[in-house]
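The values are calculated or read from the model by the stated rules, or taken from the named source; none is laboratory data. Computed from a predicted structure; not experimentally measured. Cβ sites come from the backbone with ideal geometry, for glycine too, and all protein chains shown count toward neighbours. Surface areas here come from the heavy atoms of the whole protein model, side chains and all, with no ligands, DNA or RNA. Shrake-Rupley method; radii C 1.70, N 1.55, O 1.52, S 1.80 Å.
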Number of protein chains: 2
Amino acid sequence: MDLNRCCIHTITTKPWTLTESVEHYAAAGVKGISVWQNAVEGMTHAQAGELIRRNGLDVVSYVRGGFFPHTSAQERAKAIDHNKKLVEEAAALGAPLIVLVCGASPDQSLEVSRQQIQEGIEAVLPLAEQLNVKLAIEPLHPMYAADRSAINSLAQANDMAEAIGSSHIGVAVDVYHVWWEPELEKQIIRCGANGHLLAYHVCDWKVNTLDLLNDRGLMGEGCIDLKKISGWVDQTGFDGYVEVEIFSNIYWQTDQHEFLGKITDAFQKI
Amino acid sequence: MDLNRCCIHTITTKPWTLTESVEHYAAAGVKGISVWQNAVEGMTHAQAGELIRRNGLDVVSYVRGGFFPHTSAQERAKAIDHNKKLVEEAAALGAPLIVLVCGASPDQSLEVSRQQIQEGIEAVLPLAEQLNVKLAIEPLHPMYAADRSAINSLAQANDMAEAIGSSHIGVAVDVYHVWWEPELEKQIIRCGANGHLLAYHVCDWKVNTLDLLNDRGLMGEGCIDLKKISGWVDQTGFDGYVEVEIFSNIYWQTDQHEFLGKITDAFQKI
């Protein structure tokens, strides 16, 4: 994989400030950055966008919106307001896309949560269209179905994106969440064919995963066949950034310069 | 749920010997026991079966066979031999059923692993039919797809059971693995209708799961809607045991008598 297509999520190098991430990514030959909300600190979103572009990087996505389902109508309304604010922040940042971690509530069924997700997205969509910020539904691994997302397969994400139907809705494919899906090739082709494949995230699934949240692997150190999946994504004509998103208690404790070197090496071996 | 339908897996009270489990389960009004291989120690399988029946309990299943996929043909042949030995042990124990944790290898694709699983089951099946021991394919949660099972949904388990087609093949439905499945109701009805629903396992999914393997919850302390799923199982006409299978580092460290009391209380609230 050509380093020109490499984007890194700020959460991947969590110990760094946004300024440090931007400067070090650029120096390493990385061309894109996906900005997590927590990374924008001590500056406005417009200033963050300027900082990034001044260093020659593209803002690839703003992470992360969603979390629409709640048993209380008041909480659901608050979630919609929060997502509208995120759309405004993304526009100020110059991010063309927001990744949606859609949410789930352990106190209601997954079916009800999915309905609330669709209603939430539809409430935010007019502003997203107006400000030209796309919304990407990211299916999350079923181990997050209790409280993080009721959308647990690319098939479900595709269904919802198609049901909503807008030039500004689509899906984000993260290998960590969907690598096990029996119909993965078919579902990647499906979202690619209708213009819904908006983002492609890579990392790896460690065979002995120690933590449900923060033990993702560097590309190549797990069991995901990244070449095969990336080939399916390529076949759709997707030519956007390939985004490295690694949550890792282990890597966060190491020297982040060395870690960045490992990332760019591993990226080029995909 | 009537305590007369309660079966407990020996692994649930791991600190106890088989003799202790049998005596304490019987005293608590539990009627069935599913025996893990490691529980049969210091006695033959026939003696274990006698011990169980002498205490008024039914042997519900023998746990666990499977682990068929390997990159080496020699290892696959060894796995088949091992499973044949398990069938003989189950017959000696008087267990009508073996639960199959089918296996997966991180060094090959899930598709290849699934093919090897089917070949493995078909190689063991004649002996299972001869000794009248049924084989239940247990779909495992996708978080175990790397090395524990390439069968990660009830839909896939149903597909394979139907493809194999025998009076001695079917599926085991464990709520922990399949509660998130969008088509769960439909898939339970499907295996119920064709006689493939051989076993039903309960526990709970804790919203803040601390460990991928050994942090299952007691029924009621997680987010699984056990009444709803048990209702679907009931609708199929399934009237077998409802098996409690909880792997929990937390509960294993507590007094097992108290834990057993919590299990029988929670069971009756399903």
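Database remark: amide H of residue B:201 closer than 5 angstrom to the amide H of B:173, B:174, B:175, B:243 (H placed geometrically; neighbours at sequence offset of 5 or more, or on other chains; Pro and chain starts carry no H). By DSSP, the beta bridges lying fully in chain B are antiparallel in about 5 percent of cases. Computed from backbone phi, the HN-Hα couplings of the range A:234-245 come to 4, 4, 6, x, 4, 10, x, 5, 9, 9, 8, 10 Hz, rounded to whole numbers (Karplus: 6.51 cos²θ - 1.76 cosθ + 1.60, θ = phi - 60°; Gly and Pro given as x). At a threshold of 50 Å², the residues of the range B:170-204 that become less accessible to a 1.4 Å probe in the full protein assembly than in their chain on its own are B:179, B:180, B:182.
Write down Rg/Rh for the range A:3-268, rounded to two decimals, with Rg from the C-alpha atoms and Rh from the Kirkwood relation over Cα pairs. Before the final figure, lay out the partial values.
Details: Rg = 17.4 Å, Rh = 18.5 Å.
Rounded to two decimals, Rg/Rh equals 0.94.
May I have the count of lysine pairs in chain B with C-alpha atoms under 15 Å apart, counting pairs 8 or more residues apart or located on different chains? Don't skip to the end; give the middle numbers.
On the way: B:84/B:134; B:85/B:134; B:186/B:228; B:227/B:269; B:228/B:269.
Close lysine pairs under the 15 Å cut-off: 5.
Normalised per residue, the accessible area of the range B:21-164 is 37 Å², obtained with a 1.4 Å probe and no contribution from ligands, DNA or RNA.
Overall, the range B:3-268 carries a charge dipole of about 260 debye about its Cα centre when +1 sits on the Cβ of Lys and Arg and -1 on the Cβ of Asp and Glu, all other atoms neutral.
Shown for chain B: the carbon plus sulfur share of the solvent-accessible area, taken with all protein chains present and a 1.4 angstrom probe, equals 48%.
Over the range A:3-268, what is the mean sequence separation of C-alpha contacts under 8 Å (at least six apart), divided by residue count, expressed as relative contact order in percent? Mind showing how you got there, number by number?
Values: 532 pairs, mean separation 48.9, N = 266.
Once normalised by length, the contact order is 18 percent.
Look at the dipole of the range B:3-268 built from charges on Cβ: of B:177, B:15, B:131, the Cα furthest out on the positive end belongs to B:131.
Estimated from helices alone, the mean residue ellipticity of chain B at 222 nm is -13000 deg cm²/dmol (sum of -39500 (n - 2.57) over DSSP H runs with n ≥ 4, per residue). Amide H contacts of residue B:134: B:97, B:98, each under 5 Å away and 5 or more positions distant or on a separate chain (H built 1.01 Å from N in the peptide plane; Pro and chain starts excluded).
Can you pull out the buried accessible area for chains A and B, both sides counted, probe 1.4 Å, rounded to the nearest 100 Å²? Could you put the intermediate results ahead of the total?
Working: alone 11070 and 11080 Å², together 20200 Å².
What A and B bury together is about 1900 Å².
Remark: the range B:37-51, residue by residue, has Karplus-estimated 3J(HN,Hα) of 3, 5, 6, 8, 9, x, 7, 7, 5, 5, 5, 4, x, 5, 4 Hz, where x stands for each Gly or Pro and the curve is 6.51 cos²θ - 1.76 cosθ + 1.60 at θ = phi - 60°.
In whole Å and largest first, what semi-axes does the C-alpha gyration tensor of the protein assembly as shown yield when each eigenvalue is scaled by 5 and square-rooted?
Taking √(5λ) for each eigenvalue gives 46, 25, 21 Å, largest first.
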